[in-house]
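What follows is a single structure, written as structure tokens, with notes after it.
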Amino acid sequence: MKKHAITLTVNGEERDLVVPSNRTLLDALREDLGYTDTKYGCGTGECGACTVLVDGTTSINGCLTLAATMDGASITTAAGLAQDGNLHPVQQAFIDNDAIQCGYCTPGMVLKVVSLLDENPTPTENEIRSGLEGSICRCTGYTKIVEAVQDASNRMAGVGE
Amino acid sequence: MTSRVMRDFDLLLPESVPEVLELLADHKDNCAILSGGTDLLVALKFDYAVDNVVSLALVPGLDDLSFDPDQGLSIGAKVTIADIVKSQDVKTYYPALWQAAKVFATPQLRNTATVLGNIMRASPAGDCSLALYALGGDLQLKNASGVRDVSLDDFWLSYGVTARQSDELAISLRVPPPTAGQKSAFQRMTRTTEDLSKINAAVSLTMADGVCQSARVAMGCVGPTLIRLPKVEAMLGGAEITEDLLGEVSDMVAAEITPIDDIRSSADYRRKVAGILVRRVINLALTEGNNQ
């Protein structure tokens with residue numbers, strides 16, 4: 001099998017690596033580069049545990065992306081959201097609204113919400129729920145997550161500060 | 001459950017269309033084309049085996065999505081479902097396609113999956129493919145010796161099988177310009193919204209003075225490929241669309257489809273709801289499907 005030398009910028013850090021053709025972006029991040037905050041769930045693009053952001057705010061499934069096709073891309077994982085030791089408002093809203101139970105879906109879910117709020121900073125509940133499709137949580141029943149998204153939307157708009 | 005470890009293959013990363021065509025000519029059937037990859041990579045984790053995967057990632061000039069009132073819509077090979085959702089022109093002039101793209105899979109998959117990939121997959125459930133079938137369109141298939149146009153009407157031959165030859169790359173799809181009085185819509189039924197359709201329908205109607213001049217009615221998940229319903233189209237063509245006519249149309253639908261039992265639904269259920277779904281999509285086209 002062919003091998004490919006690529007460079008990924010992950011959470012602002014340039015990383016060089018060599019991957020076989022069939023290496024997924026998810027495996028490259030977890031196994032080769034140690035970004036284990038990105039999770040393996042279903043492996044078929046349904047659960048969203050492997051969600052990462054490409055070039056800022058576009059959410060994709062790491063499990064359905066070949067690492068070798070991403071040479072030069074900028075990737076954000078959940079570990080890259082905090083700035084200067086401060087959690088991203090979406091992360092803080094997840095904590096404050098108890099939107100985390102087992103936590104396995106949380107990294108992908110948080111990234112998905114960052115993407116959602118970038119596209120639509122003031123979503124309705126329906127827009128939040130359809131925006132969260134593709135990120136499955138088996139613990140919370142989503143109510144707390146929806147509340148966290150609404151809270152994050154308010155915080156990012158500066159409401160109540 | 002089968003293994004989800006992706007099998008071995010060589011990933012090839014050509015940097016131009018001629019380079020892609022050369023690789024396709026070399027490898028013929030032992031080669032798959034990778035664009036979004038949301039179907040292909042899942043297949044490679046299950047039962048699909050191929051030694052070469054030709055990625056379009058580095059090929060320029062395939063991501064054009066453009067609309068011209070006289071030329072219609074042109075969708076390049078790398079245009080994603082998310083690009084369609086973001087396009088005001090698609091929303092305005094091709095409501096059926098926009099509605100299908102809007103509910104397609106999940107946000108992550110919409111950001112990656114391509115419209116042409118959906119067509120190449122030749123699934124009898126493809127939502128965007130179905131909307132485009134109702135709207136009509138021509139695919140540009142290119143190989144080393146030239147380009148040929150193939151109508152979507154002639155493209156899907158059987159489950160997973162298309163008129164594309166193994167040395168051809170689908171460069172783009174051209175959808176005809178919107179016509180006066182054209183109305184279109186898409187509807188589907190699923191168990192949960194991110195599920196694949198258990199049944200879907202799309203129409204494009206040309207209306208003048210309350211009379212339907214011509215109709216294209218397409219339906220998915222009711223045969224080995226997406227199908228059109230010629231008898232229903234004939235009933236609608238030249239007729240005023242009344243509640244009585246829609247009742248007759250609804251009854252005719254069940255006679256034109258050959259659904260099966262599968263994991264998402266039963267033949268019996270599909271036959272029962274098909275007429276209702278067609279009636280619903282026609283009403284949606286008439287009320288909200290204006291192409292301006």
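The values are calculated or read from the model by the stated rules, or taken from the named source; none is laboratory data. The model shown is predicted, which means the values in this text are computed figures rather than measured ones. Backbone-built Cβ (ideal geometry, glycine too); neighbour counts: all protein chains shown.
Summary of values
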read-out	value
Which listed residue, of B:V20, B:V5, is in contact (Cβ under 8 Å) with a residue 12 or more places away in the chain and facing another protein chain (nearest Cβ under 9 Å)	B:V5
Residue list for region B:204-248, filter: touching a Gly at 6+ places or on another chain (Cβ under 6 Å) and among the hydroxyl-bearing types (S, T, Y)	B:T206, B:S214
Complete set of residues in region B:73-118 that are more than 16 Å from B:N290 (Cα to Cα) and in contact with a Pro (Cβ under 6 Å, 6 or more places away or on another chain)	none
Given (1) free of Cβ contacts under 8 Å to residues at least 12 places away in the same chain; (2) facing another protein chain (nearest Cβ under 8 Å); (3) not in a loop (DSSP other than H, G, I, E, B), index of the condition B:L44 fails	(1)
Candidates A:A73, A:A49, A:A67 - the one that is under 21 Å from B:R4 (Cβ atoms), within 12 Å of chain B (Cβ to nearest Cβ) and either exposed (fewer than 15 other Cβ atoms within 10 Å of the Cβ) or over 14 Å from the mean Cα position of the chain (by Cα) (or both)	A:A67
Exclusive hit being buried (at least 19 other Cβ atoms within 10 Å of the Cβ) and either over 23 Å from B:A105 (Cβ atoms) or under 21 Å from the mean Cα position of the chain (by Cα) (or both), set B:G210, B:G289, B:G223	B:G289
Selection status of A:D71, in the same structural domain as A:L17 (by TED's automatic domain parsing), of a type in the set (D, E, K, R) and in contact with a strand residue (DSSP E or B) (Cβ under 8 Å, 6 or more places away or on another chain)	yes
Test: residue in region B:152-161 that is at pLDDT 95 or above, under 23 Å from B:S87 (Cβ atoms) and part of a helix (DSSP H, G or I)	yes
Residue match in region A:132-144 (condition: touching an Asp or Glu at 6+ places or on another chain (Cβ under 6 Å) and either more than 11 Å from B:P107 (Cβ to Cβ) or loosely packed, with under 15 Cβ neighbours inside 10 Å (or both))	yes
Pick from region B:47-88, criterion away from every other protein chain (no Cβ under 13 Å) and of a type in the set (S, T, Y), ranking: surrounded by the fewest Cβ atoms within 10 Å (Cβ to Cβ)	B:S66
Members of region B:244-292 that are of a type in the set (V, I, T) and in contact (Cβ under 8 Å) with a residue 40 or more places away in the chain	B:V273, B:V278, B:V281, B:I282
Count of region A:31-46 residues which are on the phi < 0 side of the Ramachandran plot and more than 14 Å from chain B (Cβ to nearest Cβ)	5
Boolean, A:G62 is at the interface with chain B (Cβ under 10 Å from one of its Cβ atoms), in contact with a Leu (Cβ under 9 Å, 6 or more places away or on another chain) and at positive phi	no
Flag if B:S123 is of a type outside the set (D, E), in the same structural domain as B:L139 (by TED's automatic domain parsing) and surrounded by fewer than 20 Cβ atoms within 10 Å (Cβ to Cβ)	no
